Amino acid sequence: MDTTTTKLSVKRLIKFGGAAVTDKGCFETLNEPVLIQTAKHLSEVLSGEGRSQAVIVHGAGSFGHFQASKAKVAHGGWDGEVVRQGFVNTRLSVTKLNHLVVSALAAEGIPAVALSPAGSWITANRQVVEDGVAAVRSLLHAGLVPVLHGDCVLDDKQGCTILSGDTIIRTLAAQLRPEYVVFLTNVTGVYDRSPDQPGAVLIRHIDVASDGTWMARLPGTSSPDMASASHDTTGGMAAKI
């Protein structure tokens, strides 16, 4: 293998939040104005740099979460046809969104290439044991911008599960060592509870230890509520931190 490719690093990882580029409360509904504007801004940023200095990962939002939740794909198991069909339907939905995202990026001159995790990422009890980082490096080396997404993947222990975009970001960050990671969301930051709830407080300081544990510095309040929506199979805000 080309050693240049294997050692290639990346300047930034960018996560498009599913709630930002879709209407997460409406089945398979794209937030097209936000996606188009995001693609325009990103094109401006990348135009003065090497295009290979970015990897994009997007969440599923209203594409895939409903199908995955209904069939309990995250819990695995191939008994009967419910999970198997849920796996198929979820992949149909998330790849539909991936096509829309890649198309929007390409329309702004970004050499974006879809890279679905299902073919190369494998988990065991929901923990990544095989990843597709080599393919990401190869695309970067070719001057392309890989675009990955939350997806259904095979699991060595439970048959299948959901691989979240945040888990993909964490794995890529550990191996590619980017200068920084950017999360584009539909809110202005991390709150102690859903910002839709009365009294939600913006957390301005979060201490993260080397082992990945973290503590929000927010005097006078209880621990942050990081619960996700009932149909969100990817872990919500806690996974991002």
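Laboratory data are not the source of any read-out in this text; all were calculated from the coordinates shown. Since the structure is predicted, the reported quantities are computational estimates derived from the model, not experimental observations. FYI the Cβ positions are ideal-geometry reconstructions off the backbone, even for glycines, and counts take in every protein chain you see.
The fraction of Cα-Cα pairs per 5 angstrom bin, counted from 0 for segment 24-69, comes to 5, 18, 20, 19, 14, 12, 9, 3, 0 percent, rounded to whole percents. A simple packing score, the average count of other Cβ atoms within 10 Å per residue, orders the peptides 89-97, 16-24, 128-136, 160-168 as 160-168, 16-24, 89-97, 128-136, with the highest score first.
The distance from the alpha carbon centre of segment 134-210 to that of segment 54-118 is 15 Å, rounded to a whole number.
Bridging of Lys11 to aspartates and glutamates at a Cα separation below 15 Å is possible for Glu49, Glu179, once same-chain residues fewer than 8 apart are set aside. Computed over segment 160-204, the Cα gyration tensor eigenvalues convert (square root of 5λ each) into semi-axes of 27, 15, 8 Å, ordered from largest to smallest.
Beyond 22 Å in Cα-Cα separation lie the following of the pairs Lys15/Lys70; Lys15/Lys96; Lys96/Lys157; Lys24/Lys157: Lys15/Lys70; Lys96/Lys157; Lys24/Lys157.
Qualifying chymotrypsin sites (Phe, Trp or Tyr not before Pro) in segment 42-101, where qualification requires a DSSP coil assignment and no more than 15 other C-beta atoms within 10 Å, comprise Trp78.
Only sites in a loop by DSSP and with at most 13 other Cβ atoms within 10 Å count here; which trypsin sites (Lys or Arg not before Pro) in segment 144-215 make the cut? Walk me through the intermediate numbers first.
Numbers: sites: Lys157, Arg170, Arg193, Arg204; in loops: Lys157, Arg193, Arg204.
Those that pass, being in a loop and sparsely packed, are Lys157, Arg204.
According to the calculation over all Cα-Cα pairs in segment 3-186, the P(r) per 5 Å bin from zero is 1, 9, 18, 21, 20, 15, 10, 5, 2, 0, 0 %.
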